[in-house]
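Colleague: Sharing a structure with you now.
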Amino acid sequence: MKTIVAPSLLSCDFGRIKEEAEFLNESDAQWFHLDVMDGVFVPNISFGLPIIEAFRKHTEKTLDVHAMIARPDDFIADFKAAGADVLTVHYEACPHLNRTIDAIKKAGMKAGVALNPHTPVSALSDIIQDVDMVLIMSVNPGFGGQKFIPHTYNKVRYLKSLIDQVGKPTLIEVDGGVNLEIASILVKEGVDVLVAGSTVYKSKDPKATITALGNC
């Protein structure tokens with residue numbers, strides 16, 4: 001399977017949403033990655049449901065929503081209504097994770113779980129069979145442009161072995177500081193989805209960079 005590339009729209013120009021969507025529609029990116037931050041769970045505020053709705057109007061590609069928010073259960077129906085295809089919530093924000101995952105699926109979305117850098121993969125051992133995707137944060141969430149944490153490689157290996165034991169087609173996604181060199185290593189370790197913001201949007205040829213990431 002070709003690596004899924006999900007450019008992080010946190011790095012795009014929100015004054016040109018239609019043009020930004022058209023750019024990704026014309027590229028080899030399969031997913032749009034949307035980081036929703038509430039200033040509570042993470043020390044930053046990004047955007048909310050109206051931005052998701054705006055991008056939904058201009059693309060049929062997968063909207064991959066990463067909810068970096070407290071109390072995500074309160075907004076599951078809203079994310080679905082806004083157009084999310086995949087909704088990823090944080091392990092650290094969900095005291096009843098099994099119930100949250102079930103609610104996301106019943107709402108008609110794929111359910112993902114994100115792990116902060118300090119959270120061990122073993123925390124998912126009793127729920128991995130119910131999860132469609134695991135997002136390994138390779139930086140501390142809240143801000144773009146951070147440096148990749150090398151220990152992420154070990155977490156990916158552990159997660160891959162856990163998924164293989166269960167025998168489910170759970171995807172592995174990595175977000176934070178991913179460049180072409182790092183992406184190549186991650187894919188070899190078993191990563192299916194690469195999130196890239198600065199690497200794509202600050203490159204001289206963003207479309208070529210997306211293609212290169214997909215070919216890792």
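Colleague: Restricting the search to region 105-130, which residues are over 13 Å from residue 90 (Cβ atoms) and either touching a strand residue (DSSP E or B) at 6+ places or on another chain (Cβ under 6 Å) or not in a loop (DSSP other than H, G, I, E, B) (or both)?
Modeller: Across region 105-130, the qualifying residues are 105, 106, 109, 110, 121, 122, 128, 129, 130.
Colleague: For a quick check of your reading: which strands (runs of 3 or more DSSP E) sit entirely within region 1-86 and have at least 3 residues that are over 24 Å from residue 191 (Cβ atoms) and at pLDDT 95 or above?
Modeller: Passing ranges: none, list empty.
Colleague: crowded, with 21+ Cβ neighbours inside 10 Å and under 12 Å from the mean Cα position of the chain (by Cα): is that true of residue 9 in this structure?
Modeller: yes
Colleague: Next up: If you take the residues in region 35-58 that are in contact with an Asp or Glu (Cβ under 7 Å, 6 or more places away or on another chain) and hydrophobic (A, V, I, L, M, F, W, C), which one is surrounded by the fewest Cβ atoms within 10 Å (Cβ to Cβ)?
Modeller: This residue is 45.
Colleague: Considering only residues that are β-branched (Val, Ile, Thr), out of contact with any Ser or Thr (no Cβ under 8 Å at 6 or more places or on another chain) and modelled with pLDDT of 95 or more, look in region 150-181 and name the one that is farthest from residue 202 (Cα to Cα).
Modeller: The selected residue is 170.
Colleague: Which condition breaks for residue 82 when tested against (1) among the aliphatic types (A, V, I, L, M); (2) under 21 Å from residue 174 (Cα atoms); (3) touching a Leu at 6+ places or on another chain (Cβ under 8 Å)?
Modeller: Residue 82 satisfies every listed condition except (2).
Colleague: While we're on this one: For region 150-159, state whether one or more residues are in contact (Cβ under 8 Å) with a residue 60 or more places away in the chain and under 18 Å from the mean Cα position of the chain (by Cα).
Modeller: no
Colleague: Next question, about the same structure. Hey, residue 140 hits all of (1) within 19 Å of residue 184 (Cα to Cα); (2) surrounded by fewer than 21 Cβ atoms within 10 Å (Cβ to Cβ); (3) touching a Pro at 6+ places or on another chain (Cβ under 8 Å) but one; which does it fall short on?
Modeller: Answer for residue 140: the failing condition is (1).
Colleague: Another question, then. Output the residues belonging to region 185-200 that are more than 13 Å from residue 5 (Cβ to Cβ) and assigned to a helix (DSSP H, G or I).
Modeller: If the condition is that a residue be more than 13 Å from residue 5 (Cβ to Cβ) and assigned to a helix (DSSP H, G or I), then 185, 188, 189, 198 are the ones that fit.
Matching residues to (1) closer than 20 Å to residue 42 by Cα; (2) of a type in the set (Lys, Arg); (3) surrounded by fewer than 22 Cβ atoms within 10 Å (Cβ to Cβ); (4) touching a strand residue (DSSP E or B) at 6+ places or on another chain (Cβ under 8 Å):
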{"position": "135", "(1), (2), (3), (4)": "yes, no, no, yes"}
{"position": "161", "(1), (2), (3), (4)": "no, no, yes, no"}
{"position": "166", "(1), (2), (3), (4)": "no, no, yes, no"}
{"position": "170", "(1), (2), (3), (4)": "no, no, no, yes"}
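The values are calculated or read from the model by the stated rules, or taken from the named source; none is laboratory data. Note that the coordinates shown come from a computational prediction; the quantities given were computed from them, not determined experimentally. As a convention, Cβ positions derive from the backbone with ideal geometry for all residues, glycine included, and neighbour counts pool all protein chains shown.
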